[in-house]
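Enquirer: So that we are looking at the same thing, I have put the structure below in structure tokens.
The values are calculated or read from the model by the stated rules, or taken from the named source; none is laboratory data. All values reported here derive from a predicted model rather than from experimental measurement. Here the Cβ is made from the backbone with ideal geometry for all residues, glycine too, and neighbour counts use every protein chain on show.
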Amino acid sequence: MLRAKTFRSVETIGRHNASPVTATRAVPEEVPVAFSYGGSTHAVMMATPADLEDFAIGFSLAEGIIVTADDILAIEPIEAGPGIDIQISLKDDTAEALTARRRRMAGPVGCGLCGIESIDQAMRDVSSVGDGIRLSERDIAAAMQMLGDAQVLNRQTRAVHGAGFYVPHEGLLAIREDVGRHNALDKLCGAVLGSGRTGSEGAVLVTSRLSVEMVQKTAALGSAILMAISAPTALAIETAERAGITLVGIARGSDFEIFTQAQRITSGASADVA
């Protein structure tokens with residue numbers, strides 16, 4: 001298995017009490033990561049070179065290439081110059097569907113977004129996530145604290161995002177980190193699917209603002225609650241409402257704001273499955 005470094009140490013010159021101070025600081029690695037299906041590159045992302053198998057599963061899910069992890073036969077990350085090429089083998093019917101999609105995308109016009117050939121697709125709607133779980137106010141505070149505590153790479157570098165999966169009465173089951181917030185969430189989705197769990201069992205937590213893409217990825221995973229330390233965009237709120245996702249933003253300490261589907265958040269200490 002390919003094992004790349006996630007950070008390196010660099011020398012810095014800072015100021016302390018108006019005097020120059022030399023120091024050593026850890027900074028995260030950022031490399032091009034290609035996703036190749038059947039030998040053809042589909043997209044290239046700048047990412048932290050870690051949890052690449054999870055990244056492949058989560059990216060494939062978010063792109064609509066797969067529905068479950070079982071649609072993937074094999075994942076092989078290989079070194080490719082300064083970056084990494086993740087070779088992904090799909091089941092025959094899944095591979096055929098991707099080939100047909102590529103043929104439709106072969107025209108001369110495109111909006112430049114990864115795997116998307118039109119503005120309508122960029123604004124694609126999402127399916128309803130179903131009932132999902134309920135969380136208490138204390139669950140929210142505890143979950144976000146767990147997420148912060150579990151961010152090992154961010155403690156070293158202070159420069160990466162985190163995404164976590166919290167299940168009531170079980171705690172934080174998975175966390176993934178990356179220089180890109182979308183990448184961190186893709187990796188988390190891949191980790192959840194790869195473990196055999198379903199998104200409906202827990203809530204997704206992120207250390208970033210809530211853009212529409214974050215809502216779309218959470219809906220693809222099937223989780224009914226998405227929480228973040230920052231606020232959502234207007235389009236994220238609209239999309240979460242249509243998908244039936246409970247959107248909790250500005251979750252810091254015991255404080256938070258609920259933007260959609262507030263019925264899943266209860267007062268008190270305990271949470272119940274809906």
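Enquirer: On the basis of being surrounded by fewer than 20 Cβ atoms within 10 Å (Cβ to Cβ), small (Gly, Ala, Ser), at pLDDT 95 or above and touching a Cys at 6+ places or on another chain (Cβ under 9 Å), does Ala43 make the cut?
Expert: Working: surrounded by fewer than 20 Cβ atoms within 10 Å (Cβ to Cβ): yes; small (Gly, Ala, Ser): yes; at pLDDT 95 or above: yes; touching a Cys at 6+ places or on another chain (Cβ under 9 Å): yes.
Taking the combined requirement at face value, the residue satisfies it.
For every residue, the table says whether it meets (1) in contact with a Leu (Cβ under 9 Å, 6 or more places away or on another chain); (2) of a type in the set (Gly, Ala, Ser); (3) surrounded by fewer than 24 Cβ atoms within 10 Å (Cβ to Cβ).
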{"site": "Leu188", "(1), (2), (3)": "yes, no, no"}
{"site": "Ala191", "(1), (2), (3)": "yes, yes, yes"}
{"site": "Arg242", "(1), (2), (3)": "no, no, yes"}
{"site": "Gln263", "(1), (2), (3)": "no, no, yes"}
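Enquirer: Continuing with the same structure: Which of the residues that make up region 157-178 are of a type outside the set (A, V, I, L, M), farther than 16 Å from Ile229 by Cβ and surrounded by fewer than 18 Cβ atoms within 10 Å (Cβ to Cβ)?
Expert: Matches in region 157-178: His169, Glu170, Gly171.
Enquirer: Checking the structure you have, find out if any residue of region 74-85 is within 30 Å of Arg155 (Cα to Cα) and assigned to a loop (DSSP other than H, G, I, E, B). Quick ask: steps written out before the conclusion?
Expert: Keep residues of region 74-85 that are within 30 Å of Arg155 (Cα to Cα), which gives 75-85.
Cutting the leftovers down to assigned to a loop (DSSP other than H, G, I, E, B) gives us 81-82.
Checking region 74-85: at least one residue is within 30 Å of Arg155 (Cα to Cα) and assigned to a loop (DSSP other than H, G, I, E, B).
Enquirer: Also, quick follow-up: Only one of these is within 24 Å of the chain's Cα centre (by Cα), at pLDDT below 95 and aliphatic (A, V, I, L, M): Leu113, Leu90, Leu61. Name it. Lay out the reasoning, then the answer.
Expert: Values: Leu90 fails: at pLDDT below 95; Leu61 fails: at pLDDT below 95.
It is Leu113.
Enquirer: Hey, can you tell me all the residues within region 193-202 that are touching a Gly at 6+ places or on another chain (Cβ under 8 Å) and buried (at least 20 other Cβ atoms within 10 Å of the Cβ)? Please lay out each step first, then the result.
Expert: First, pick out the residues of region 193-202 that are touching a Gly at 6+ places or on another chain (Cβ under 8 Å): 193, 198-200.
Within region 193-202, Leu193, Gly199 qualify.
Enquirer: For region 239-252, name all the residues that are within 16 Å of Tyr166 (Cβ to Cβ) and not in a strand (DSSP E or B).
Expert: Ile245
Enquirer: Can you tell me which of (1) surrounded by 16 or more Cβ atoms within 10 Å (Cβ to Cβ); (2) assigned to a strand (DSSP E or B) is the one Glu257 doesn't meet?
Expert: (1)
Enquirer: Could you list, in sequence order, the residues of region 4-40 that are surrounded by fewer than 13 Cβ atoms within 10 Å (Cβ to Cβ), in the same structural domain as Ile65 (by TED's automatic domain parsing) and of a type in the set (Ser, Thr, Tyr)? Talk me through it step by step, then tell me what you get.
Expert: Kept after step one, since they are surrounded by fewer than 13 Cβ atoms within 10 Å (Cβ to Cβ), are these residues of region 4-40: 5, 8-24, 39-40.
Within this subset, residues satisfying the condition of being in the same structural domain as Ile65 (by TED's automatic domain parsing) are 39-40.
Result: Ser40, single match.
Enquirer: Given the condition part of a strand (DSSP E or B), farther than 23 Å from Arg155 by Cβ and free of Cβ contacts under 8 Å to residues at least 24 places away in the same chain, answer yes or no: does some residue in region 20-28 qualify?
Expert: Yes; the residues of region 20-28 include at least one that is part of a strand (DSSP E or B), farther than 23 Å from Arg155 by Cβ and free of Cβ contacts under 8 Å to residues at least 24 places away in the same chain.
Enquirer: Suppose the filter is more than 19 Å from Val179 (Cβ to Cβ), touching a residue at least 12 places away in the same chain (Cβ under 8 Å) and acidic (Asp, Glu); does Asp70 pass it?
Expert: Working: more than 19 Å from Val179 (Cβ to Cβ): yes; touching a residue at least 12 places away in the same chain (Cβ under 8 Å): yes; acidic (Asp, Glu): yes.
It is true that Asp70 is more than 19 Å from Val179 (Cβ to Cβ), touching a residue at least 12 places away in the same chain (Cβ under 8 Å) and acidic (Asp, Glu).
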